Amino acid sequence: VQLQACGGGLVQAGGSLRLSCAASGRTLSSYPMGWFRQAPGKEREFVAGIMRSVGATYYADSVKGRFTISRDNAKNTVYLQMNSLKPEDTAVYYCAADYGGTYVPTSTTAYDYWGQGTQVTVSS
C-alpha cells in the first residue's frame with residue numbers, strides 16, 4: 001500500500017484545512033486508518049482514527065469537536081477536516097493504515113503503512 005497525504009498549508013488561527021490521504025495498491029476499506037501529527041521536538045501523536053467498515057471514529061481530546069475524520073471507500077481516500085485551527089495544531093500530519101486491524105490503534109507501532117506527511121502551519 002502506498003499512501004499519499006496532501007492538503008496541508010499555512011492558515012491563520014481559527015481557519016480550516018482539509019487533508020486527504022489517497023491509497024494505491026490495496027483498498028483502504030480493509031484497514032482501520034489513522035491520522036497522526038508530529039511537531040518539532042515532539043513525538044508523533046495520534047490525532048484521529050476511523051474503523052474500516054462501520055466507520056466509527058475516534059479522536060484525541062485536543063482535537064475533539066474541531067476535527068472530523070471520514071473516508072470515501074469508492075475513492076480509496078481518507079480525509080481529515082480541521083476547523084478552528086490553533087497555533088498548537090502546527091505539525092507535520094501523517095496518515096497511516098493498520099492492515100488487518102480490528103480496532104483503531106493510537107500507537108504508531110501498530111500501523112503498517114504511512115504516508116509521507118504534509119505540513120500544517122497555523123499562525124496566531
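Some observations on this one:
- Subset of the stretch 39-56 that is in contact (Cβ under 8 Å) with a residue 40 or more places away in the chain and open to solvent by less than 60 Å² (accessible area, probe 1.4 Å) - its residue that is farthest from ASP98 (Cα to Cα): ALA39
- Residues of the stretch 83-94 that turn out to be under 10 Å from the mean Cα position of the chain (by Cα) and either open to solvent by less than 20 Å² (accessible area, probe 1.4 Å) or at pLDDT below 95 (or both), as a count: 1
- Exactly one residue among SER62, SER70 is in a loop (DSSP other than H, G, I, E, B) and free of Cβ contacts under 8 Å to residues at least 60 places away in the same chain, and that residue is SER62.
- Residues that are under 20 Å from GLN2 (Cβ atoms), among the hydrophobic types (A, V, I, L, M, F, W, C) and either open to solvent by less than 30 Å² (accessible area, probe 1.4 Å) or modelled with pLDDT under 95 (or both) within the stretch 95-121 comprise CYS95, ALA96, ALA97, ALA110, listed in sequence order.
- Taking the stretch 1-12 as the range and being hydrophobic (A, V, I, L, M, F, W, C), surrounded by fewer than 18 Cβ atoms within 10 Å (Cβ to Cβ) and closer than 15 Å to ALA91 by Cβ as the test, the residues that pass are LEU10, VAL11.
- Some residue of the stretch 58-67 being open to solvent by 40 Å² or more (accessible area, probe 1.4 Å), of a type in the set (A, V, I, L, M, F, W, C) and either within 13 Å of ASP98 (Cβ to Cβ) or within 11 Å of the chain's Cα centre (by Cα) (or both): no
- When GLY15 is tested against (1) open to solvent by 30 Å² or more (accessible area, probe 1.4 Å); (2) assigned to a loop (DSSP other than H, G, I, E, B); (3) not basic (Lys, Arg), exactly one condition is not met: (1).
- For ARG26, the test of being open to solvent by less than 50 Å² (accessible area, probe 1.4 Å) and basic (Lys, Arg) is failed.
The values are calculated or read from the model by the stated rules, or taken from the named source; none is laboratory data. Worth saying up front: this structure is predicted, and the values here are computed from it rather than measured. No Cβ is skipped: glycine too gets one built from the backbone with ideal geometry, and neighbour counts run over all protein chains shown. What goes into the accessible areas is simple: the full protein's heavy atoms, side chains included, and nothing from ligands, DNA or RNA. Shrake-Rupley method; radii C 1.70, N 1.55, O 1.52, S 1.80 Å.
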